[in-house]
Structures are given as structure tokens and as C-alpha cells.
Amino acid sequence: MKKLYILLLFIFIAFSTKAQTAQELKKTLASKKDSIAKLQVKAKAIQGKIDALPGWRKGAFGTVGASLSGFNNWYARSAPNTSAGNIGVTVNAFANLIQKDFFWRNSGTVNLGWVKIDNRDDPTDSDNFETATDVFTISSLYGKRLNQKWAISGLGEYRTTLLENFNDPGYLDIGAGLTWTPTDNLVVVIHPGNYNFVFSSGNSVFESSLGTKIVADYTAKYNKLSVKSNLSMFQSYKDNDLSNWTFTNSLGYTVWKGIGLGFELGLRKNKQEALSNSLITNPLENFNTVDNKLQSYWLFGVSYSI
């Protein structure tokens, strides 16, 4: 009986020692976490000072989305022998020179997509990937500072497609006015003196005109999250039917070594494009009768951030 008491005493002492050790380790871990958090705050403050220094800021992130499928003798479908695919690629890049007295901001966006639906029982059905999304935009903004937030500026922006009908149409905006930079991440361009050159081939409805150009661009990085949002608007002085706007939003979340998940959404209103497309099926269409629907595209997939 005495031996049993001694054994129980040893077991009690062992558990007490283990519990005490675990509590001490948890306290040590908590103190280390507090130290790491304080160091991260200091590191973020130092990085903010580095980012505020004059010089170049460069960066890029993109998204690749793909979906492939195939059916063989799948009789639940009206077309039992079918293969389908959807591939999309988007890239956002910028290179900004920030100085005390001036800035020079450059950016580029590419979004390309392909889609295929092949019914192998239909010999007339195409088995090729067809262009689905085709967007290419580059811009360059120079500003001479009046103060910390306002600058006299000049902007050049070009928009077109790459895979099909390159520069047909193509849009080139060149203008001057003011730029507002309330923060390092947000740039708002207000150019009342802007000419919107529209390039197209043959007889077309596209027409160049003078107007106001407004651009709002937000680019930021929050730890693992990269964000870019851009609104580009042109308001024609000649005719409201010649006005247009494009709004794109991109998100990239890094999971491991620059690789993560990405999402992009694009919206556009352009009555000239709507009429040009409608004339293919209705040659008697005009600006008064055309249905200027909201254009859109989206892409979700694997992203990579530089």
C-alpha cells in the first residue's frame, strides 16, 4: 500500500511539473509574439519612410484562369461528345518616378481570354479557341507640382485590342489640366483640354472629338493583398454619343512566394462600339435607336505578384 502511495505521488509530481512547464512556455510564447508585433510595427514605419523617398516605384501582378472539360458519349447532354475550354490571362504593371517637384506615372494593363466549345459530332463546328476578352491599355502621366497635392499635368492614354482588330478601333487621349494626389496611392486626373483620337478603318461610325478627360487610379498593397482600380472617362464636347468610360478592378492575394489568387472585373460604356457592333446585323441602325448595353468581363484564377 505504501508503494502505491509513493507511485501516485510521483505521478502527481510529474503532471504538476508538466503543467507548470506548459504554462511557462505559453507565457514565453506570448511575450515573443508581443515582441514580434512591436518589431512589425517598427518595420512598417521604416518601410513607409523608404516608400516616401524620391525615386522609382515599380510593380506588377497578374492572374491566369483556366477551365478545360471533355465529354465522351455523355448521353445526358444534347451534344454527348464535346470538349470545352476557357483560358484567361491578365497583367497589371506600373513604373512611377516620384520626385519632390514633379512626377511621371506610367501603367499598362493587358487582359486576354480564349474560349472553345467543340461538338465533335458536328463536322462544321470549330475546334479552335476563339478570342473572348481582348483589352490593352497603356498610359503616361507627367505632372509639375504646384504643392503637395496638386500639379499641372499632361496625359497620354492609348486603348485598343491586341488579338483581333488591332487599332480598329483604337483610342488615343492627349490632354492637359490638373492632377490631384491626396495620397500616395490615389491619383485623380482632371483634363478639360483633351482630344480623343479614334482610329478605325473603312467607313465606320467612330469619330474623334474634343472633350474632358477624367481618370481616377488607385494602386496599393496591403501585406499580401494587391489592389488596382482604374476609372477612365471621356466626355465629348461635340456629342454625348461620342463619350465613353471604362472601369477596371484587380485583386491579387499572395499565398506563397508571390503565388496566390487573383480576380479582375472590367466594365465599359461606349455607344460608338455598340453601334458598330449592331450594324453587322442591322445596317439601318443609328445612335438614336442602338441599345448601348453595359459591357463587362471578369476573370478568376491563379495570380502572381512581382
The stretch 82-112, residues that are surrounded by 19 or more Cβ atoms within 10 Å (Cβ to Cβ) and not in a strand (DSSP E or B):
none
If we keep only residues of the stretch 208-236 that are over 24 Å from Asn111 (Cα atoms) and touching a Ser or Thr at 6+ places or on another chain (Cβ under 7 Å), then the residue surrounded by the most Cβ atoms within 10 Å (Cβ to Cβ) is Gly211
Phe300 passes all but one of the listed conditions (1) hydrophobic (A, V, I, L, M, F, W, C); (2) within 12 Å of the chain's Cα centre (by Cα); (3) more than 25 Å from Ala66 (Cβ to Cβ); the exception is number (3)
Only one of these conditions is not met by Phe61: (1) among the hydrophobic types (A, V, I, L, M, F, W, C); (2) surrounded by fewer than 16 Cβ atoms within 10 Å (Cβ to Cβ); (3) modelled with pLDDT under 90. Which number is it?
(2)
Contacts under 6 angstrom Cβ, first residue in the stretch 60-73 being free of Cβ contacts under 8 Å to residues at least 24 places away in the same chain, partner among the aliphatic types (A, V, I, L, M), 6 or more apart:
Ser69/Ala84
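Please specify each residue of the stretch 238-253 satisfying the condition of being surrounded by 14 or more Cβ atoms within 10 Å (Cβ to Cβ) and either among the hydrophobic types (A, V, I, L, M, F, W, C) or more than 14 Å from the chain's Cα centre (by Cα) (or both).
Matches in the stretch 238-253: Asp241, Leu242, Ser243, Asn244, Trp245, Phe247, Leu251.
Being in contact with an Asp or Glu (Cβ under 7 Å, 6 or more places away or on another chain) and buried (at least 17 other Cβ atoms within 10 Å of the Cβ) is the requirement here; does Glu164 meet it? Spell out the reasoning first.
On the way: in contact with an Asp or Glu (Cβ under 7 Å, 6 or more places away or on another chain): yes; buried (at least 17 other Cβ atoms within 10 Å of the Cβ): no.
Answer is no for this residue.
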Which of (1) crowded, with 16+ Cβ neighbours inside 10 Å; (2) in contact with a strand residue (DSSP E or B) (Cβ under 9 Å, 6 or more places away or on another chain); (3) of a type outside the set (Ser, Thr, Tyr) is the odd one out, the single condition Asp184 does not satisfy?
(1)
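State whether the residues of the stretch 263-281 include one that is more than 21 Å from Ala132 (Cα to Cα) and surrounded by fewer than 17 Cβ atoms within 10 Å (Cβ to Cβ). I'd like the intermediate steps shown before the answer.
Step one: list which residues in the stretch 263-281 are more than 21 Å from Ala132 (Cα to Cα), which gives none.
So far as the stretch 263-281 goes, no, none of its residues is more than 21 Å from Ala132 (Cα to Cα) and surrounded by fewer than 17 Cβ atoms within 10 Å (Cβ to Cβ).
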Inter-residue pairs, beta-carbon under 7 Å, first assigned by TED's automatic domain parsing to the domain that holds Val205 and in the stretch 278-289, second surrounded by 10 or more Cβ atoms within 10 Å (Cβ to Cβ) and of a type in the set (Gly, Ala, Ser), 6+ apart
Glu285/Ser278
Out of Tyr195, Tyr142, report the one residue that is buried (at least 17 other Cβ atoms within 10 Å of the Cβ) and either under 18 Å from the mean Cα position of the chain (by Cα) or of a type in the set (Phe, Trp, Tyr) (or both).
Tyr142
Filter the stretch 173-210 down to the residues that are farther than 21 Å from Asp101 by Cβ, without any contact (Cβ under 8 Å) to a residue 40 or more places away in the chain and not polar (S, T, N, Q) and list them by number.
Ile174, Gly175, Pro192, Gly193, Tyr195, Phe197, Phe199, Gly202, Leu210
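The values are calculated or read from the model by the stated rules, or taken from the named source; none is laboratory data. Keep in mind the model is a prediction, meaning the values are calculated, not measured. Neighbour counts are summed over all protein chains in view; Cβ atoms, including those assigned to glycine, are modelled from backbone coordinates with ideal geometry.
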